[in-house]
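The values are calculated or read from the model by the stated rules, or taken from the named source; none is laboratory data. Quantities reported herein were computed from a predicted structural model and do not represent experimental measurements. Glycine gets a Cβ as well: all are built from the backbone with ideal geometry, and neighbour counts include every protein chain shown. Side chains included, ligands, DNA and RNA excluded: accessible areas come from the protein's heavy atoms. Shrake-Rupley method; radii C 1.70, N 1.55, O 1.52, S 1.80 Å.
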2 protein chains.
Amino acid sequence: MMIRSIFSAAILAVATTFAPTHALAQDTFTLKLAETWGPNFPIFGDATKNMAAMAEKMSNGRLQIRIDSSNKHKAPLGVFDMVRAGQYDMGHSASYYWKGKVPNTLFFTSMPFGMTALEQYAWFYYGDGMDLMQEVYEPLGLKSFPGGNTGVQMGGWFRKEIKSVEDLQGLKMRIPGFAGEVFAEVGVNPTNIAPGELYTALERNTIDAVEWVGPALDLRLGFQQIADYYYTGWHEPATELQFLVNQKVWEELPADLQEILRISMRTAAYDMLIQSQHENAKAWANIKSEYPNVQIKNFPDDVFQAMYKANNKLLAEAAAGDELAAKIIKSQEDYLKDSRAYTDISERAYLNTMGTVE
Amino acid sequence: MMIRSIFSAAILAVATTFAPTHALAQDTFTLKLAETWGPNFPIFGDATKNMAAMAEKMSNGRLQIRIDSSNKHKAPLGVFDMVRAGQYDMGHSASYYWKGKVPNTLFFTSMPFGMTALEQYAWFYYGDGMDLMQEVYEPLGLKSFPGGNTGVQMGGWFRKEIKSVEDLQGLKMRIPGFAGEVFAEVGVNPTNIAPGELYTALERNTIDAVEWVGPALDLRLGFQQIADYYYTGWHEPATELQFLVNQKVWEELPADLQEILRISMRTAAYDMLIQSQHENAKAWANIKSEYPNVQIKNFPDDVFQAMYKANNKLLAEAAAGDELAAKIIKSQEDYLKDSRAYTDISERAYLNTMGTVE
């Protein structure tokens, strides 16, 4: 589906006589990208637009990326299959959505009790992360790149305060994926409900709690109007979205456009982390001033300990069944250990100190 | 000093007949960059090399950046003047080095008790930071861009434990710049000593304490061998280096190369933050295992309170004397307030929670 066209200036058409059988530096390439999000979805959708704008401008129009949102392609969670089949050249989504198809894709988004955004980017780019991710995606004919980080996701909106593990028993909560499995281990009844129905489900007590993203995206869904307890995060400390590129499409690009695409994706991903910080801060200030009912809560210690044990148990099961899974889990655990020891004496110590001055 | 040359392919030489008086998309531009650091200086020097490599590859060789380290130009702190005068097209340094020449350059590196790296990038790119920085640099004929972040700098190496403000009285410490002024307000005797002499000065008690950067860069200077107390940071929570570009040079670049340069600088800056996290984590693991004498300490509460008050006093003085300084300080304070409120319920809450599980 990649469209290549010769740049229209007459002067460049002459160039085809020099190297007619190869991709020319002056060719124009148009890549079609399918994103999981709807049109104008904030922050996530800004990352794809930002990436496409950088690529176009840096390439002087030679690399065009056309973005189809989910209203166009009608398959929000079909992005993986469509890029694999070559129906789209690229995708913007999240790796953990594909764990039902390829279990080891789970590890490249965010893990409960795992790395923060800085730690995880360091693992991707200066540790083994990119190599391990490619080990999972290469056999599928795909290249996967970090696609933008949300920062620490909040632990969710609860209508009743959670005072102990007892309070979680049978609690109906919207929380998908691996974190939902961890919650299930400690007694929660995880459910998945379409975003458009979440508010009503929470209001009518069809569910007792809902996990979404963080202040900026949560505010739009209105949970602050009907739930008083906003819990701090543990389950997705650094949710990294994903750019997918069809391997054959990548290989057809000349080296300069490959680098332009690589850097545009990398920068758009970093930018999204920074934009998330900005938008979440604005939204949280808004919630604080307009919804004084909202209280920030940490889960009680016995809940954290139980979830931490449940998480370790599930990871051990994953590692036991699959050599590559074991290698990825070990790489993440080893990296986290050293990286967190440093984060504790730098960022964490600083933030705690600043909490004491006035 | 910018060198422009026509790309040598014969086919492109023809293009000059179409638009002989304008910069052509096919021109090659070579920019000379002076960096404050010596050759092969880790992390800081990697940022310039990374930037230059991206720019060259994305431009297919049309944008070349030649880096001169301080051994070549002999003027580590002359970068500002050399780029202003057009002797160099670009520089890599830090904005606060120029506060003796232009006081308001102080605010674009890191401020005591100020923003973390994520918060500060959000202020630069989604708040007013870039506009305010350009308001300072534009009258100087310069463009200034973020140039790479060290993360939270450590509070320094001390040979004796600091138990109260009393212990700081007359203490001789290497700590330069604004943070040195804050320390002076609480009784410290700040001195500046060339990096090559720091170890010996500390060993011979010419100084009692030394502030440098963080584990990765401190380890090379050997302080862990002669000082037991390593203090957590407060004075430079997110030290951002700087790319400087001569305004006229910038304007001569065609739009695609301007964008390639802008994105290469932006990405290299983000990358340096991530590399700092990686290298500091490795170095701290090394120090912990090989130098068990080293203890991490927070300054006592009365010291923090005294420094916080001293910092606010110095900022109020700066704001009183200069309208633009007042505007920048207010922008930073307002931004920090909302951004930190969110950081406290996300990153800080998560890191503290993780400190409790085992």
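With the largest listed first and rounded to whole Å, the semi-axes of the equivalent ellipsoid of segment A:96-214 from the Cα gyration tensor are 31, 15, 13. Taking a ≥ b ≥ c as the square roots of the Cα gyration tensor eigenvalues, the protein assembly as shown comes out oblate, since a/c reaches at least 1.5 and a/b does not exceed b/c.
Shown here for segment A:127-173: trypsin sites (Lys or Arg not before Pro) in loop regions (DSSP other than H, G, I, E, B) with at most 13 other Cβ atoms within 10 Å, namely A:LYS160, A:LYS163.
When A and B come together, around 7000 square angstrom of accessible surface is lost from both chains combined, probe 1.4 Å.
Annotation: the antiparallel percentage among DSSP beta bridges lying fully within chain A is about 55. Taking only protein heavy atoms and a 1.4 Å probe, the accessible area of segment A:151-196 is 47% carbon and sulfur. Peptide A:57-68 is shielded by partner chain Cβ atoms: per residue, an average of 3 of them sit within 10 Å of its Cβ.
Under 5 Å between amide hydrogens, built in the peptide plane, is the criterion, and for B:ILE65 it picks out B:LEU31 among residues at least 5 positions away or on other chains. A full extension of the chain between A:ASN312 and A:SER289 corresponds to an added length of 4.4 nm, given 0.36 nm per residue minus the alpha carbon distance. Here the spin labels are modelled as points 7 Å beyond Cα on the Cα-Cβ line, and at B:GLU181 and B:TYR199 they lie 3.3 nm apart.
With contacts defined as alpha carbon pairs under 8 Å and 6 or more residues apart, what's the relative contact order of chain B in percent? Contact order relative to length: 22 percent. Per residue of peptide A:229-242, the mean number of Cβ atoms on other chains within 10 Å of the residue Cβ is 2.
Across the identical copies, the label point of A:GLN134 (7 Å from Cα in the Cβ direction) is separated from its matches by 3.7 nm, in order from shortest. The 3J(HN,Hα) values that the Karplus relation (6.51, -1.76, 1.60; θ = phi - 60°) gives for segment A:72-79 are, in residue order, 8, 8, 6, 9, x, 9, x, 4 Hz. Gly and Pro appear as x. Distance between the pseudo-spin-label points of A:GLU166 and B:GLN225 (7 Å out from Cα toward the beta carbon): 6.0 nm. Between copies, B:GLN295 shows label-point distances of 3.9 nm, shortest first, with the point placed 7 angstrom from Cα along Cα to C-beta.
For peptide B:261-273, what's the mean number of Cβ atoms from other chains within 10 Å of each residue's Cβ? If you can, show how the numbers build up before the last one.
Numbers: counts 1, 4, 10, 3, 0, 5, 8, 1, 1, 9, 6, 0, 4.
Averaged over the peptide's residues, the number is 4.
In the context of the full set of protein chains, residues of the protein assembly as shown present 38 Å² of accessible surface per residue (probe radius 1.4 Å, heavy atoms only). Cα centroid separation, segment A:226-271 to segment A:295-315: 28 Å.
Amide H contacts for A:GLN242 (H built 1.01 Å from N in the peptide plane; partners 5 or more residues away or on another chain; cut-off under 5 Å): A:SER93, A:ALA94, A:SER95, A:GLY147. For segment B:198-309, the relative contact order comes to 46 percent (Cα pairs under 8 Å, sequence separation of at least 6). Here's how it looks for A:THR191: its modeled amide H is under 5 Å from those of A:MET173, A:ARG174, A:ILE175, which are all 5 or more places away or on a different chain.
Of all DSSP bridge pairs formed entirely within the protein assembly as shown, close to 55 percent run antiparallel.
With the simple model of a label 7 Å out from the Cα in the direction of the Cβ, B:GLN305 to A:GLU252 spans 6.9 nm.
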